[in-house]
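Presented below is the structure to which this report refers.
Computed from the coordinates by the stated procedures, all read-outs in this text should not be read as laboratory data. Computed from a predicted structure; not experimentally measured. Don't worry about glycine lacking a Cβ; one is built from the backbone with ideal geometry, like all the others, and counts go over all protein chains shown.
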Amino acid sequence: MARSAMQFVNLVFTVYIWLIIIRVILSWCPVLSGEFFKLFCRFVYDATEPTLAFFRKILPSMVVGSMGLDLSPIIVIFVLQFLRWLILTIIGQFFIYI
């Protein structure tokens, strides 16, 4: 039971972190045509924007030359990694005593 719960939590965090990484990569690329690609981009944007927007409110963009550098994806990934570790530790400790 604990193993499957831990695998599920790990999977959810891994997928979300990869969605953030994909979003960063998509932000560097020009928009390609094609309905599937547009739907995929919209899905990635809609899935990651609430979390990234929250951290953008807290952290201002860093100005490098004449360009702004958004550090929110990096911070979000660090926070998600910490939360994953914390939740997996709690689940592991909880099921030891059952």
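What pairs come up if the first residue lies in the stretch 7-30 and is free of Cβ contacts under 8 Å to residues at least 40 places away in the same chain, the second is surrounded by 13 or more Cβ atoms within 10 Å (Cβ to Cβ) and of a type in the set (Gly, Ala, Ser), and their beta carbons are under 7 Å apart, counting only those six or more places apart or on different chains? Pairs found: 19/47. Quick one: how many residues across the stretch 1-36 are charged (D, E, K, R) and more than 19 Å from the chain's Cα centre (by Cα)? Residues in the stretch 1-36 being charged (D, E, K, R) and more than 19 Å from the chain's Cα centre (by Cα): 2 in total. Any residue in the stretch 25-32 that is of a type in the set (A, V, I, L, M) and assigned to a helix (DSSP H, G or I)? Looking through the stretch 25-32, at least one residue is of a type in the set (A, V, I, L, M) and assigned to a helix (DSSP H, G or I). With the requirement that a residue be exposed (fewer than 10 other Cβ atoms within 10 Å of the Cβ) and under 15 Å from residue 22 (Cα atoms), what does the stretch 47-79 give you? Selection gives nothing. Across the stretch 1-37, the number of residues qualifying as under 19 Å from residue 83 (Cβ atoms) and either of a type in the set (Gly, Ala, Ser) or touching a strand residue (DSSP E or B) at 6+ places or on another chain (Cβ under 6 Å) (or both) comes to 2.
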